[in-house]
Amino acid sequence: MRLIRPRAAAAVAALLLAATACGSSGSGSSSGLNPPDLKPLAKLGKSEGAVNLIAWAGYVEDGSDDPKTDWVSDFEKQTGCQVHSKVAASSDEMVKLMKTGEYDAVSASGDASLRLIASGDAAPVNTKLVPNYQDIFSGLKNGAWNSVKGQMYGIPHGRGANLLMYNTQKVSPAPTSWSAVFDDAAKYRGHVTAYDSPIYIADAALYLKATRPELKIKDPYALDQKQFDAAVALLKKQNADIGEYWSDYLKEISAFKSGDSVIGTSWQVIANLTAGEGAKVKAFVPREGSTGWSDTWMVSAKAKHPDCAYRWLNWIVSPKVNAEVAEYFGEAPANAKACDLTSDKSFCATYHAADESYWKNIAFWNTPIEQCLDGRTDVKCVPYAKWVQAWTEIKG
């Protein structure tokens, strides 16, 4: 069974203010963010003999969970860098751990990366020191969630979309829009499911962007107070129809198998596993597009083992290893050459790995900050700390 990290965010509002304490309006990939002036590593030195990593479950496998799943041992043999890793249960935990200065690198998602950049906990990355970076899909480079003003702050690892999944026997007609879980959710009251995280507010904002043009939403992660209030109101209305919020993928599979859930947000890997266990489900990107996630390996600005950290970044996105991680975890690989090395030759097609037109419809998770990420300077946007507070209210 593949390991999927639970991305549920802990409500630690004070911690989340870090991203809003820095930054001013500016141009670049992350418009509005002006991080501390840190310099990337200029050149590699000798291996320090160790590297301390924070990762999602399934990203740093050494054979202890499954003897056949091990991409750490060969790395240690080839580099002399002994890997010490800690699995984090949420993006908030990753941010907190990175602030300790005890870890060299982290596999950050977009709802954590800008916080780490803005607070100076993540250093800019010299991509020239990561040879495999040249083969990373172009759509993952210079993203709003992993770069600022053309400077990369990490090496992309993989990506996935948040899909609309439904039971084909109990949901008719087949849905084409997110309206099935928002405006029309009452039709399936008690059997609608949604992802349990403050970042899910962006899903509501994405739907409102398409259905309420008067709100003028350009970026679902850059919401002024009026836009934010509209998204929260929509989710509070949806709450009456929700049977269960999920963060544990096994529970979602079970709910769709039993019929407790018949429609809601999901991931491709969950859809595959659910169908594999006999449930009649389909999952797709609705006409409004979807949110999604892209994970980036970032180096700590306080890294005690920067050389080993860079060696790990290059290793984890090397074609063979990236293919192994993607299949084990259930995500599209970042390295284009990985697609020729997957054991399932249809894997990259299933996960749309090389289909950049597909990813153009995906709004990857980003960290909301006061300096609006859509470039507006005449208003303040609602920072992530308030998203966390609102999520608690939405769920009641």
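Please arrange 75, 228 by counting, for each residue, the other beta carbons lying within 10 Å of its beta carbon, fewest first.
Going from least to most buried by this count: 228, 75.
For a footprinting-style exposure proxy, rank 98, 152, 298 by other Cβ within 10 Å, fewest first.
152, 98, 298
Once you put a point 7 Å from the Cα of residue 237 and another 7 Å from the Cα of residue 50, both along the Cβ direction, what distance in nm separates them?
Between residue 237 and residue 50, the simple spin-label model gives 5.5 nm.
Stretch residue 82-residue 356 to full length: gain in nm at 0.36 nm per residue minus the Cα-Cα span?
95.0 nm
Once amide H atoms are placed 1.01 Å from N in the peptide plane, what residues at a sequence separation of 5 or more from residue 267, or on another chain, have their amide H within under 5 Å of its amide H?
163
How would you rank 284, 137, 256, going from fewest to most other Cβ atoms within 10 Å of each one's own Cβ?
By the 10 Å Cβ count, ascending: 284, 137, 256.
A short reminder: the numbers here are calculations on the coordinates, not readings from a lab. Keep in mind that what you see is a predicted model, and the values were worked out from it rather than measured. When we count neighbours, we look across all protein chains shown, and the Cβ atoms used for this are built from the backbone with ideal geometry, even at glycine.
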